[in-house]
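The values are calculated or read from the model by the stated rules, or taken from the named source; none is laboratory data. Note that this is a predicted model, so its numbers are computed, not measured. Cβ coordinates were reconstructed from backbone atoms using ideal geometry, including for glycine residues, and neighbour counts include every protein chain displayed. Surface areas here come from the heavy atoms of the whole protein model, side chains and all, with no ligands, DNA or RNA. Shrake-Rupley method; radii C 1.70, N 1.55, O 1.52, S 1.80 Å.
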Amino acid sequence: MGSDMSIVKAAKVSTIGEASLGLNEGNKGLINYLMKHRHGSPFEHGAMTFLVKAPIFVWREHMRHRIGFSYNEESGRYKVLQPEFYRPDVARTQEGKAGHYIIERSEDDILNHDMDCAFEWANIRAYQMYQEMLRRGVAREVARMVLPVNIMSSAYVTMNPRSMMNFLALRTAPNAQREIQIVASNYESYFSAKFTEVWAAFCGNGRVAP
Ligand SMILES: Cc1cc2nc3c(=O)[nH]c(=O)nc-3n(C[C@H](O)[C@H](O)[C@H](O)COP(=O)(O)OP(=O)(O)OC[C@H]3O[C@@H](n4cnc5c(N)ncnc54)[C@H](O)[C@@H]3O)c2cc1C
C-alpha cells in the first residue's frame, strides 16, 4: 500500500496541504532531504505485507524488530508441524572475537559431509520422536519441544517503509547472519521496486533508517 508519493504527501501536509504535483524533481529532492535530515515519520505512510517461510532461528532474529512490524505466525499448538528443515549448503567456520567474527564457507569436503550427516540424523530423529509423542496422545504444544530450531515456520509480516529501512540497515549488513540476509535481500528487491525514490535516498544517505 502506498508509493513514494505517500511520503511526499505526508511531509507536505505540514506546509502546503495536499500535494498533487506527482513525483517531480522537487518531490524527489524532498524525499532525499527528509532522509538526510532524519525526518522519519513521513516514511511511516505505506505498508508492505510478505508471507515468509523461514527456519525458527531466523524468526527469533526477525521478531526482535518490534517497531512498525506486525506478525502472525503458524501455530505449533494448533497444527501438526511438517518435517521441513533448513540446512545450509556448506558448513561455515568462525574465527575472531564477538562482534568481529570472520565467518567463512568451508571447502573441507569431509567437514561438509559430516555436517550434512549431523543435520540429517538430528532432524530425522527429532521428528520421529515428535510423531511418536503425538501418536501416544501428548499435546502438540508439548511434543513440539523436541523439534530443532532449523524447522521451517511461516508468518505474515507487515511493515512500513521506515521499519523496512531499519530492518535492511541491520540485516543486510555483513555482520548479520547469512540466512536473515537472504530474507532482507528479498524484502529489498520488492521495496526498491515499489518505493524507488525512497530506496534510492536510503542508499544515498548511508543506508541508515531515518
Ligand atoms: C548483527 C546483529 C547482532 C545481534 N546480536 C544480538 C545479541 O547477541 N543479543 C540480542 O539480544 N540481540 C541481538 N541483536 C538484536 C538487536 O539488538 C535488535 O534487537 C534488533 O536488531 C532489532 O533492532 P531494533 O531494536 O532497531 O528494531 P525495532 O525493535 O524494530 O526498533 C526500531 C527502532 O525503534 C527504537 N526503539 C525501539 N524500542 C525502543 C525502546 N525500548 N527504547 C527506545 N527506542 C526504542 C530504536 O530507535 C530502534 O532502532 C543483534 C542484531 C544484529 C543486527
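Data table
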| item | result |
| --- | --- |
| Of all accessible heavy-atom area on segment 97-138, the percent that carbon and sulfur account for (1.4 Å) | 56 percent |
| Amide H within-cut-off set for GLU84, under 5 Å, with H built and near neighbours excluded | MET152 |
| Cβ-based charge dipole, the chain, positive-most Cα from ILE151, LEU51, HIS39 | HIS39 |
| HN-Hα J in Hz across segment 134-139 - Karplus 6.51, -1.76, 1.60, θ = phi - 60°, x for Gly and Pro | 4, 4, 8, x, 6, 4 |
| The chain: Lys pairs at Cα distance under 28 angstrom, eight or more positions apart or on different chains | 11 |
| Spin-label model distance (nm) - LEU23 vs GLU104, 7 Å beyond Cα toward Cβ | 4.3 nm |
| Computed magnitude of the charge dipole of segment 1-129 (debye, nearest 20; Cβ of K, R +1, Cβ of D, E -1) | 820 debye |
